[in-house]
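Notes for the one structure printed next.
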Amino acid sequence: MPERAEKNSDLKLPPEILDLLTGSDELELEDVDIDVEELEFVYQPGVIPALQRIVTATKGKPTSLLQTPFTLPIQKYPGQIAEVTLGATKSQGGSRGKTVVIGGEKSPAFYTFENPTPNMPVISLDVFDQKVPIPKAVKTNFNDAIQDPVSWAKFAVEKFGAQMITLHLVSIDPLNPKPSTPAEAAKTVEDVLQAVDVPLVVGGCGDPEKDLAVFEKVTAAAEGERLLISTVTLDMDIEKSAKLIKKHGHVALAFSPMDLNQARELNRRLLEYLPKDQIIMDTTTAALGYGLDYAYTIMERARLAGLMGDPELQQPMSSGTTNAWAAREAWQKMDPQWGARELRGPLWETVTGLTLLLAGVDLFMMLHPAAVRTLRNTIKRLTEKRGTADIAKFANWVSSKY
Amino acid sequence: MSGKETKGGMKQLSPIDIYMLLPKTNCKECGEDNCMAFATKVVNREVSISKCLPILTKEQEKNYNKLKELLKPAVKEVSVGVGNNAVNVGGKLVMYRHEFTYTNPTAIAIDVTDEMSDEEIVARVKATQEFTYTYIGNNLQLQMIAVRSTSKDPGKFKNAVKTVAESTNLPIILCSFDSAILESGLMAIPKARPLIYAATKDNWKEMAELALMYKCPLAVSAPNDVSLLRSLAKTLNEYGVEDLLLDPGTFTGVGLGDTINNFTMIRRAACNMGDELLGYPTIGTPITAWAETANSPTVNVWNEAYVASMLITRFADILIMHGTEGWALLPLTVLRQNIYTDPRKPVAVKAGLRVIGTPDENSPVLMTSNFALTYYTVEQDIESAGASAYLLVVDSEGTAIDSGVAGRKLTAETVADAIKESEIEEKVKHKKLIIPGKAARISGEIEELSNWQVLVGPRDSSGIPKFLQEKWK
């Protein structure tokens with residue numbers, strides 16, 4: 001199959017993967033029951049004596065199962081991650097049909113034996129306001145919709161059930177031959193807000209001065225919409241950015257370059273102007289194989305530090321998971337042995353996303369519909385009530401013919 | 001995570017703890033200047049305690065045993081297979097990778113069944129054995145073969161095991177819940193120390209006998225029941241089986257949350273709470289993804305792969321898989337390599353000027369970052385163009401081009417400084433620097449600061465050969 005697929009460059013994903021993407025039925029998160037007894041056990045270092053490995057030579061062999069109790073290895077955390085709402089409905093001062101809430105964790109990601117996951121992580125689909133290099137494996141799923149940001153956003157919501165849209169205003173980049181103006185960018189934001197009713201992330205081009213000039217127009221034009229403004233960085237005028245975001249009722253995405261101290265500093269400075277529920281942080285996502293290990297560990301450490309009480313790392317986390325496509329193994333044609341890039345690419349993005357999901361990411365900005373759908377399904381599975389495993393279905397793998 | 005671990009944890013052991021138990025003679029036989037220096041290396045797991053020759057003497061036996069106890073990992077290290085082909089699993093010192101480099105990367109096993117033809121078995125074994133991908137100077141590989149009894153016929157199982165053993169030296173996992181079938185498999189390879197899969201609440205006694213008789217490690221299976229898993233571990237331990245692996249079940253559909261919880265609880269209990277009964281390596285079976293009916297096997301491969309990736313991150317020491325597709329196994333082996341590297345620093349190479357081929361004063365000068373993967377890729381792409389060139393490796397603190405530029409670790413200043421320090425201006429007649437397309441943002445500033453003309457190259461270095469051909473006369 002892989003050889004054949006690689007020759008046919010127009011190969012589309014099997015219908016099962018793509019079909020899944022259109023389902024928008026959300027599972028209700030049931031309350032998770034935890035026995036009071038389980039909660040009473042709190043680990044105190046040093047109190048539990050190390051168990052001795054038993055030397056059997058001196059004892060008789062057991063003839064029946066030796067029952068031994070298992071206590072859930074629960075730990076208590078002094079800190080909690082802030083809860084942040086994105087988007088605002090009419091009654092909340094915006095025009096969104098839906099809002100999303102992320103964060104609020106009291107335990108590391110999906111330690112549901114300790115605490116239920118308070119809010120399911122959310123996935124936002126990328127939309128660009130001008131032509132950018134997009135991997136073929138992704139493009140085929142959007143057809144002509146990617147010609148302009150409005151139709152792209154609509155397509156992502158209607159066809160793929162996007163919970164959020166990330167509108168990247170790359171056209172404002174001063175390096176462009178004819179960069180669009182802040183007013184033009186604000187118009188694009190308004191158009192996309194008109195076209196879809198999900199919450200929006202609005203992204204700049206990475207130039208700290210131009211971005212701020214654009215954010216000034218955008219925050220005002222979208223007054224009260226609770227946009228996520230992406231991104232605020234240490235080399236921007238932080239006071240001005242934060243005040244704009246506060247004045248017009250939005251949320252700041254604090255971006256730092258894989259450096260916990262810088263992440264802390266940026267949050268600290270933003271917290272001078274903004275309440276905790278108006279900041280999300282992004283400590284940088286590197287692609288699988290291209291620094292994902294480092295990105296993962298920075299995020300895991302940030303989350304653990306926040307839970308242990310560090311007030312400067314208690315913001316929900318966001319990941320630019322689309323960066324997975326920077327890995328050439330994701331988009332390049334390779335020897336037939338490595339299969340079709342139409343499958344390799346989205347799996348690359350999926351694995352990048354899932355790894356960071358387990359580190360504690362609350363908001364994913366993603367590109368490929370199959371990767372999005374897999375993450376969404378996985379998030380549902382990970383937040384389901386405990387003890388639901390269908391043991392009979394999976395227990396026969398040893399003797400099953402596949 | 002909070003404060004001290006009870007044992008094996010890196011935080012609580014100080015060099016003094018080790019030093020106090022050493023002979024303190026500063027004999028230098030270990031190659032270190034003194035016992036304190038040796039103790040520091042021992043704590044950092046850079047050297048084994050057995051390098052201290054005096055401690056191995058009879059008089060020091062008591063201290064040696066104390067040291068071994070102190071240094072014992074939270075998760076027992078278990079070897080599968082024998083000799084040079086044995087694979088060690090477990091041996092974990094910590095729960096979180098930022099605490100200390102993880103030991104023994106997750107071993108990936110590919111399955112065969114006793115109802116496959118010999119040709120099919122040999123083909124799958126060969127594909128597993130020959131799987132390799134070169135990534136930052138490492139060969140990513142697969143480690144084991146799992147033989148499953150689907151026929152429930154001991155004779156067929158024995159033949160399949162024999163066929164596998166004759167075509168590979170990879171360690172083998174024998175899979176059946178029937179001890180008679182397993183024993184016939186063991187008789188085919190009585191000295192190969194395969195992993196026996198698996199003891200359950202119903203068969204543990206027979207399995208224990210087999211493990212003892214054939215001196216094999218034994219997997220323990222208790223689907224979604226960590227309490228039973230723990231009881232079985234205790235029972236088997238008392239029975240005399242010391243090398244166990246724990247399988248809490250892998251549920252790839254409903255129950256995935258339970259799966260991740262179970263693996264996490266087991267590892268936390270072992271690493272942070274000193275629970276020795278759960279202090280064994282774990283085994284995950286993403287192969288269960290094939291129990292879901294799907295119209296296309298591609299969907300099963302996809303599901304199996306993404307669940308496997310989560311178990312690599314969440315504490316599995318062995319994974320048993322069915323799919324052999326390269327597009328699925330490649331991201332998994334890369335992820336495993338990532339998770340098991342030193343967590344404290346990005347993989348970087350030394351900054352400075354590299355010479356590729358035999359460049360002269362007219363040769364192109366290209367720039368890249370000192371993130372190892374970027375560097376090796378670019379170097380390889382320039383070489384493949386058959387071009388001679390200078391490659392200026394800029395210190396981006398080990399970040400890739402795009403994240404280095406975004407994070408201001410790769411700036412016009414660092415590039416301009418690198419140009420100056422490299423003394424490249426004395427080596428070439430021109431002043432043209434080719435920068436990666438992903439660094440286009442800083443091209444203007446580089447020109448200003450360095451007085452070099454900047455040519456923006458391709459966004460991916462695979463475009464370098466074409467770029468040089470077209471743009472470099």
(request) Rounded to the nearest 500, what is the 222 nm mean residue ellipticity of chain A from helices alone, with -39500 (n - 2.57) per DSSP H run of 4+ residues and division by all residues? (result) -10500 deg cm²/dmol
(message) Give me the one-decimal Kirkwood hydrodynamic radius in Å for chain B, with the sum taken over alpha-carbon pairs.
(response) 25.5
(message) Just to be sure I understand the model, the point goes 7 Å from the Cα along the line to the Cβ. What's the resulting B:LYS152 to B:ALA123 distance in nm?
(response) 2.8
(request) Filter the GluC sites (Glu not before Pro) in region B:341-391 down to the DSSP loop ones having no more than 15 other Cβ atoms within 10 Å, then list what survives. (result) B:GLU361
(message) From the convex hull of the Cα coordinates of region B:77-339, what is the mean projected area in square nanometres?
(response) 13.2
(request) For A:SER400 paired with B:GLU61, estimate the spin-label separation in nm (one decimal), with each label point 7 Å from Cα along the Cα-to-Cβ line. (result) 5.3
(message) Cut-off under 18 Å on the C-alpha distance; same-chain residues fewer than 8 positions from A:LYS76 excluded. Which lysines are left, in chain and number order?
(response) A:LYS106, B:LYS4
(request) Treating the angle as unsigned and between 0 and 90°, give the value, to the nearest 10°, between the Cα long axis of helix A:182-195 and the longest Cα principal axis of chain A. (result) 60
(message) Between A:THR63, A:THR374, A:THR297, where does the largest GNM mean-square fluctuation fall for chain A, given springs only between Cα atoms within less than 10 Å?
(response) A:THR63
(request) Express as a percent, rounded to the nearest 5, the fraction of DSSP beta bridges in chain A (both residues included) that run antiparallel. (result) 15
(request) Towards the positive end of the charge dipole of the protein assembly as shown, with charges on Cβ (+1 Lys, Arg; -1 Asp, Glu), say which of B:THR128, A:THR231, B:GLY437 has the farthest Cα. (result) B:THR128
(request) Give the angle, between 0 and 90 degrees and rounded to the nearest 10, that separates the Cα long axis of helix B:226-239 from the longest principal axis of the Cα atoms of chain B. (result) 60
(request) With a point put 7 Å past each Cα toward its Cβ, work out how far A:THR388 is from A:THR181 in nm, to one decimal. (result) 5.3
(request) Assign one of three labels to chain A, namely rounded, prolate or oblate, based on the Cα gyration tensor with a ≥ b ≥ c the square roots of its eigenvalues; rounded applies when a/c is under 1.5, prolate when it is not and a/b is larger than b/c, and oblate otherwise. (result) oblate
(message) Over 20 Å between Cα atoms: which of A:LYS217/A:LYS247; B:LYS438/B:LYS471; A:LYS90/A:LYS246; A:LYS333/B:LYS409; A:LYS61/B:LYS234 fall into that group?
(response) A:LYS333/B:LYS409
(request) Counting only DSSP beta bridges with both residues in the protein assembly as shown, tell me the antiparallel percent, nearest 5. (result) 20
(message) Calculate log10 I(q)/I(0) of region B:317-366 for q = 0.16, 0.21 Å⁻¹, where I(q) comes from the Debye formula with a single equal point scatterer on each Cα and nothing for solvent.
(response) -0.73, -0.85
(request) Filter the trypsin sites (Lys or Arg not before Pro) in region B:95-193 down to the DSSP loop ones having no more than 10 other Cβ atoms within 10 Å, then list what survives. (result) B:LYS191
(request) Of the options B:MET36, B:LEU13, A:LEU288, report the single residue whose Cα projects farthest towards the positive end of the charge dipole of the protein assembly as shown (beta-carbon charges: Lys, Arg +1; Asp, Glu -1). (result) B:MET36
(message) Charges at C-beta only: +1 for Lys and Arg, -1 for Asp and Glu. How large is the resulting dipole of region B:152-284 about its Cα centre, in Debye rounded to 20?
(response) 260
(request) Mind checking the full-extension length gain between B:ASP202 and B:LYS420? Use 0.36 nm per residue of separation minus the Cα-Cα distance, one decimal, nm. (result) 71.2 nm
(request) Among the listed pairs A:LYS401/B:LYS156; B:LYS92/B:LYS162; B:LYS58/B:LYS191; A:LYS131/A:LYS187, give every one whose C-alpha distance is greater than 21 Å. (result) B:LYS92/B:LYS162; B:LYS58/B:LYS191
(request) Would you work out the charge dipole size for chain A about its Cα centre, treating the Cβ of every Lys and Arg as +1 and the Cβ of every Asp and Glu as -1, and quote it to the nearest 20 debye? (result) 840
(request) Could you tell me what % of all Cα pairs in the protein assembly as shown have separations over 44 Å? (result) 32
(request) Report the FRET efficiency, 1/(1 + (r/R0)^6), for B:LYS471 and A:ASP197, where r is their Cβ-Cβ distance and R0 is 56 Å, rounded to 0.05. (result) 0.75
(message) Charges at C-beta only: +1 for Lys and Arg, -1 for Asp and Glu. How large is the resulting dipole of the protein assembly as shown about its Cα centre, in Debye rounded to 20?
(response) 1280
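Only the coordinates and a few stated rules stand behind these numbers; no lab work does. These numbers were taken from a predicted model, which means no experiment stands behind them. A quick note on method: Cβ atoms are made from the backbone with ideal geometry, for glycine too, and the neighbour counts reach across all protein chains shown.
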